[in-house]
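One structure is given below, encoded as structure tokens.
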Amino acid sequence: MVVAVSVGAASVLGLASPLFVRGIIDHAIPERNLHLLMLLAAAMVTVTILSGAIDTFETYQTTVVGQEVM
């Protein structure tokens, strides 16, 4: 169950990056809004770090379950 939630969370986070890129291209750059650009870039970095952490947790949980089966 925990692995399924992790997969779902990673999928949702994977959908966030294209939205941030769209915000950068459609709003931050044309409006020359440096604050928005930095905010969206920081959000992209945060999403990448969270996605990596969730992936690592998912791998760990899968390994634990696999070891218990053996």
Query raised in the report: From L40, L34, which residue is in contact with a Gly (Cβ under 7 Å, 6 or more places away or on another chain) and over 29 Å from A4 (Cβ atoms)?
Result: L40
Query raised in the report: So which pairs qualify, if the first residue must be in segment 48-62 and under 24 Å from L19 (Cβ atoms), the second must be open to solvent by 50 Å² or more (accessible area, probe 1.4 Å), the Cβ gap must be under 9 Å, and the two must be at least 6 apart or on different chains?
Result: I54/V7; F57/V2; E58/V2; E58/V7
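Hey, among L40, L36, L15, which residue is at pLDDT 90 or above and open to solvent by 60 Å² or more (accessible area, probe 1.4 Å)?
L15
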Report task. Just one of (1) touching a residue at least 40 places away in the same chain (Cβ under 8 Å); (2) open to solvent by less than 70 Å² (accessible area, probe 1.4 Å) trips up V2, so point out which. Result -> (2)
Report task. Looking for whichever is touching a helix residue (DSSP H, G or I) at 6+ places or on another chain (Cβ under 8 Å) and assigned to a helix (DSSP H, G or I) here; the options are V64, V12, V47, V5. Which one fits? Result -> V47
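Out of E68, E58, report the one residue that is modelled with pLDDT under 95, open to solvent by less than 80 Å² (accessible area, probe 1.4 Å) and charged (D, E, K, R).
Checking each option against the conditions leaves just E58.
The values are calculated or read from the model by the stated rules, or taken from the named source; none is laboratory data. Bear in mind the structure is a predicted one, so any value in this text is a computation, not a measurement. With ideal geometry, Cβ positions are generated from the backbone for all residues, glycine too; neighbour counts draw on all protein chains shown. We work out accessible area using only protein heavy atoms, side chains counted, and drop any ligands, DNA or RNA first. Shrake-Rupley method; radii C 1.70, N 1.55, O 1.52, S 1.80 Å.
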